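Some notes on the structure that comes next.
The values are calculated or read from the model by the stated rules, or taken from the named source; none is laboratory data. No experiment lies behind these values; they were computed from the predicted model shown. All Cβ positions, even for glycine, are placed from backbone atoms using ideal geometry, and neighbour counts span all protein chains on display. The protein model used for the area step is the full one, side chains on, heavy atoms only, and it has no ligands, DNA or RNA in it. Shrake-Rupley method; radii C 1.70, N 1.55, O 1.52, S 1.80 Å.
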Amino acid sequence: MKKVLVCKEMDPLETRVALIPDDIKKLTAMGFEFQVVSGAGLKSGFADDAYTAAGAKIISKEEDGYDSSEIIVRIMKPKSTKGMKKDTFHISYMDPFNEKDLLNEFASNGLQAVSLEMIPRSTIAQKMDVQSSQTSLAGYVAVVNAAAKLPKILPMMVTPAGTINPARVFIIGVGVAGLQAIATAKRLGARVDAFDTRPVVEEQVKSLGASFVKIDLGEMGQTAQGYAKELTPEQIAKQKEAQAKVCERSNIVITTAKVFGRKAPRLIEKNVLDRMMPGSIVVDMAVSTGGNVEGSKLFENVVTENGVTIMSGDLLERQVPFDASKMFSGNITAFLTHFYNKESKEFEVRLEDDIMKGCLLTQGGQIIHERFKDAK
């Protein structure tokens, strides 16, 4: 397999493209062949001419490329697999925990579906990890958005008219997004506090110049994939109580607490929002999975009765599509290169490889991934 179709995203809110011209040029030199749907890269700053110059053929719509493609690459999951030929290798986000019907459709049509979310979090797979590359940008955008909305500046300023104290920013959840949010807020001059249920991140927080909020929750830790373990109801209650005190004195609060494959924990409730200062900003980066903040809405800003703004923090990487596409494309390029046999000049589906084993969901008319075999 070496014939690749790059799709134009169907969601009107999606601004990214799965592969950029520079990476297509590199892959073409290796032996890959590309078709790109016209306009696929326009929203992220890449014209059709750039793809043609990189060696790709431009087609009017993705269905025109199904018969002549062996690999299909896109960002978001497709609405349907109709028209895709048997054994096609499809790469995208799949949301496998919530899209059982789509997963079964891939299997019944004999397609091979890779879920980018399921790429293992290992050292060798790090360069293919779209979750990390995209959420890192989202963490940056979350701070910039909040700063633009906040009715005060972030840095300390000493002027003849008086001294302005730095804004206080509280980051809840110190994964990739949280770390980037901390770094961005510090660069903008804010005073930053951060908390995570994994004590191992305290050193990383301090290395970025932020203060780590210590809350004794008993036994905590992370999964083998590097995600925070789900807390017990008692631990969540204790965390909420301690966090509330920090929220009260913060100008910006950013929540990033997602539990992979599960509903996001509710960390900030109305009684906490009611105690926050008017004009404060809360960015909920887990809103698409149920939300960390009571009252948050997907793609909407909500203002509480006491003047606190709750901002939707979902898919913020779409606001910086040029760089988001560049990073996403780099991840896909690393994946394609890893499984490319330079001698035969073919992309190989090697299930003995832990990376492929971890992310390939369907093959040979069946759901083959252990976590989703019983999907009905």
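Things worth noting here:
- The number of residues in region 240-265 that are of a type in the set (Ser, Thr, Tyr) and over 16 Å from the mean Cα position of the chain (by Cα) comes to 1.
- Pairs with Cβ under 7 Å, 6+ apart, first in region 68-96 and touching a residue at least 40 places away in the same chain (Cβ under 8 Å), second aromatic (Phe, Trp, Tyr) and in a loop (DSSP other than H, G, I, E, B): Ile75/Tyr93; Met76/Tyr93; Pro96/Phe372
- Failed item, numbered, when Val114 is tested on (1) surrounded by 19 or more Cβ atoms within 10 Å (Cβ to Cβ); (2) among the hydrophobic types (A, V, I, L, M, F, W, C); (3) touching a helix residue (DSSP H, G or I) at 6+ places or on another chain (Cβ under 7 Å); (4) more than 30 Å from Arg371 (Cα to Cα): (4)
- Here Ala107 fulfils each of the conditions (1) within 23 Å of Ile119 (Cα to Cα); (2) open to solvent by 50 Å² or more (accessible area, probe 1.4 Å); (3) in contact with a strand residue (DSSP E or B) (Cβ under 6 Å, 6 or more places away or on another chain) apart from (2).
- Conditions (1) open to solvent by less than 10 Å² (accessible area, probe 1.4 Å); (2) out of contact with any helix residue (DSSP H, G or I) (no Cβ under 8 Å at 6 or more places or on another chain): number failed by Val174: (2)
- In summary, Phe339 fulfils each of the numbered conditions (1) farther than 30 Å from Glu33 by Cα; (2) of a type outside the set (Ser, Thr, Tyr); (3) without any contact (Cβ under 8 Å) to a residue 40 or more places away in the chain with the single exception of condition (1).
- Of residues in region 160-171 being of a type in the set (Val, Ile, Thr) and open to solvent by 50 Å² or more (accessible area, probe 1.4 Å), the one nearest to Thr256 (Cα to Cα): Ile164
- Selected residue (criterion: farthest from Phe299 (Cα to Cα)) from residues of region 342-376 that are touching a residue at least 40 places away in the same chain (Cβ under 8 Å) and among the β-branched types (Val, Ile, Thr): Val349
- Answer from Ile20, Ile91 - the residue that is surrounded by 14 or more Cβ atoms within 10 Å (Cβ to Cβ) and either farther than 20 Å from Met118 by Cβ or modelled with pLDDT under 95 (or both): Ile20
- Any hit, region 77-88, residues being farther than 30 Å from Gly365 by Cβ and open to solvent by less than 20 Å² (accessible area, probe 1.4 Å): no
- Any hit, region 356-370, residues being assigned to a strand (DSSP E or B) and touching a His at 6+ places or on another chain (Cβ under 6 Å): yes
- Ala185 touching a helix residue (DSSP H, G or I) at 6+ places or on another chain (Cβ under 6 Å), small (Gly, Ala, Ser) and open to solvent by less than 10 Å² (accessible area, probe 1.4 Å): yes
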